[in-house]
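Inspection log for the structure reproduced underneath, given as structure tokens.
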Amino acid sequence: MNVKLLEDNYMSANTKTIDDKEKKLIPATVSRIKKKYGTGSNTRIKINDYTFVQDINHDTSDFMKIGSSIEITKKDKLVYKEKKFEHDWDFDGACVSMDGDPGCIPKAGECLTGDGNPTLVISWWTGGAYCCSKYLIFSLGKEFKVLNYIFNGCSGLQFKDVDNDGTTELIGRDWTYQEFWWSGDKTFIAPVIIWKFMDGKYVICPEVMKKAPPSDAEMQKFALQEKDEGRYGTFLAHYLLDLVYTGNGNLEEKFYDIFSKTNKYMTDNDSGYAIPDKKEFLDDFNGKLKKSIYWEYVKKLNNW
């Protein structure tokens, strides 16, 4: 397989269309983009017969944003194009890894799927508070394929062979529950979602997400963890979500009972930290599960 970085220039010709004051800001911003990720304006990476091209510029309607576009060609014939992404000034750029940094994304051209075809993963961060990472995943074999387009909220994907079958799974998060009820703070709770390569594309795989049920002793250990007063709802919901997203939703009531006995102030109205009783809490909890975009997979995972 032939993978080559053909061009990686930091400044785009489009920057000459903006005024001098704005120009001064752009080099400081763009210089944060790491060359090893193959980013920058007029980036070109060749993978066998395919060429990936990215351009970063300031051609957007909002002064505080930077625009970028990508194209993929095969033997000079266009097979994919995104005209424009917009990023805040603090963006890290659309990334294409040239060295397979384990903390970022796989090396351009590395086969993730086990079928021998080169894979290209493109990631970018939209900028802004708590948002958002997105990923495009392509197969660059004899036939060009888009394997998935994944929105992963406030965190990046991990790439790992979870079930040791020789193919790489994508490990992400469900950010439906960003600001949890009753917690009184902005503690983020985001259970794990796993995508697996099956039938020619990456799909959510409940079978890989499923884990053996925890023992009573394991649940007791979590319930006894030190926690700030007033955050009982957050701790309780965190573990309940882990149970549900590993196929153990049938243990919801049992864990609530263990947790409430261990944390006596949780149900003491005089303490000021009380949360609703079991029925009210779990009714609300299960109602929020249904708002997740992954609800159908959660149901399958738990045989509901």
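Throughout, read-outs are computed from the coordinates displayed, never taken from laboratory work. Since the structure is predicted, the reported quantities are computational estimates derived from the model, not experimental observations. In this analysis, Cβ positions are derived from the backbone assuming ideal geometry, glycine residues included, and neighbour counts consider all displayed protein chains.
Some observations on this one:
- Pairs beyond 27 Å (Cα-Cα), from Lys261/Lys299; Lys46/Lys145; Lys142/Lys211; Lys210/Lys290; Lys142/Lys300; Lys81/Lys291: Lys261/Lys299; Lys142/Lys211; Lys142/Lys300; Lys81/Lys291
- Cβ-based net charge around Trp295, under 11 Å, with every Lys or Arg adding one and every Asp or Glu removing one: +3
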